[in-house]
Amino acid sequence: MLTAGIDIGSLTTKALIIDEDKIKGYVILKSGHLFEEAGNEAYKLCLEKCNLTNDDIKYIVGTGYGRALISFANENITEITCHARGVYYYFPDAHTVIDIGGQDSKAIRIGENGKVLDFVMNDKCAAGTGRFLEVMQKALNIETLDMMGKLSLNSRNPAKISSMCTVFAESEVISLFAQKKAKKEDIVAGLHTAIAKRITGMVNRLGRVQEKIIFCGGVAKNVGVKKALEQELGKPLYTPEDPQITGALGAALLAQERYQKKKKI
C-alpha cells in the first residue's frame, strides 16, 4: 500500500512516499514564498522519482508550517506528531527528539510507538534556527552551512556571543570579525554554543534528560551544532540518515494508519 507525506517547512518542503514500511523515495525542495506551489511541485517530483502516478497513492497526509495549504492532502497532522512518528521508525527506543528547522525549534518527549508525551516549542523567534544560521553564514562570508559546521570544529577558543536575537547577534558577529577580536572559527563555535545552551534549556523543561536523544531537522546536518549540543547535554545525539525527512516520513506512516482505519469503518 502506497501512501505519501508532504511536509511544508518555512525553508524547505519535503515529499515522501512509502510502500508499507519501506521508503520508496523522497524529494526536498526550497519552499520559497509560495508554499502551496512548493508542496505541489515536491509531490509531483516525488511521484516521478518513484515512477508512480497520483492514482497509485492511497492516502496523503500534510504537515509542517504550510500544511493547511496542501489542498490535495486527505488530512493534515501537526509536525510534532509527525516528527515523533518519523523518528520512531528509525529509533524505536527514542526518548527525546530535538528538531531544529528553518524558523522554529522543538524538544519532544516520546513514549511507546512514537506517541508524543510532552513537548516544548519555540516558534516566536528565529534565534537558533536555520534562518538564524543562514544570516550568520552570510555575515561571516562563509560559502555554505556545511562549511560553517566544519569550520567550528577547528575552534580552540569559542567566542562568547551575548545576544541570540538575530538582528543584534548579526551586528555583534560582524563587529567581532571586523575588529579582529576573534577568529572566524571561534565566532562560529560561539554561535553554536549559544544555540546549544538555548536548546538544552528547552530539553530540560521536559524533565530529566535520558537516552536516546534524536537530533533532526535541517540544522542536524551541521556537525558543529551537534557537537555543541552533545557537550551541553552531556549525552550522545543520534541522527537519521537524512534528518530533514522525519516529518514527511511520519506523515506518510500516519497516512497508512489513517487509511487502514477508514477501510475498517
Once whole DSSP H runs in the chain are found, which of them have Cα atoms spread over 24 Å or more along the helix axis and a mean Kyte-Doolittle score of at least -1.0?
184-204, 246-264
I need the peptides 10-18, 176-184 ranked by packing, meaning the mean over residues of other C-beta atoms within 10 angstrom, with the highest value on top.
10-18, 176-184
Rule-of-thumb Rg ratio for segment 93-239 [Cα; 2.2 N^0.38 Å; N residues]
1.03
A student asked for the Cα radius of gyration and Dmax of segment 125-183 in angstrom ought to give 11.0, 30
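Taking the radius of gyration and the Kirkwood hydrodynamic radius from Cα positions alone, what is the Rg/Rh ratio for the chain, to two decimal places?
1.00
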Whole-Å distance, taken between Cα centres, linking segment 1-28 and segment 200-255:
19 Å
Linear extension gain, Lys22 paired with Lys44, 0.36 nm per residue minus alpha-carbon span
6.0 nm
Would you mind checking the radius of gyration and Dmax of segment 1-40 based on alpha-carbon positions, in Å?
10.9, 33
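At a threshold of 8 angstrom on Cα-Cα distance, excluding pairs fewer than six apart, so keeping six or more, what relative contact order does the chain reach in percent?
Values: 586 pairs, mean separation 63.9, N = 265.
Here the relative contact order equals 24 percent.
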Gaussian network model of the chain, springs between alpha carbon atoms under 10 Å - residue of Ile23, Ile70, Ile110 with greatest fluctuation:
Ile23
Tell me the label-point distance for the pair Glu134, Gln260, using the 7 Å Cα-to-Cβ offset, in nm and rounded to one decimal.
3.8 nm
Sequence-separation-based contact order of segment 93-190, relative, with Cα cut under 8 Å and 6+ spacing, percent
22 percent
Would you mind computing, in nm to one decimal, how far apart the modelled labels at Val209 and Ser171 are, each placed 7 Å from Cα along Cα→Cβ?
3.2 nm
Charge dipole (debye, nearest 20) of segment 93-239; +1 at Cβ of Lys and Arg, -1 at Cβ of Asp and Glu:
360 debye
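Read-outs throughout are calculated quantities, based only on the coordinates presented, and are distinct from any laboratory measurement. Computed from a predicted structure; not experimentally measured. We place every Cβ from the backbone using ideal geometry, glycine too, and count neighbours over all the protein chains shown.
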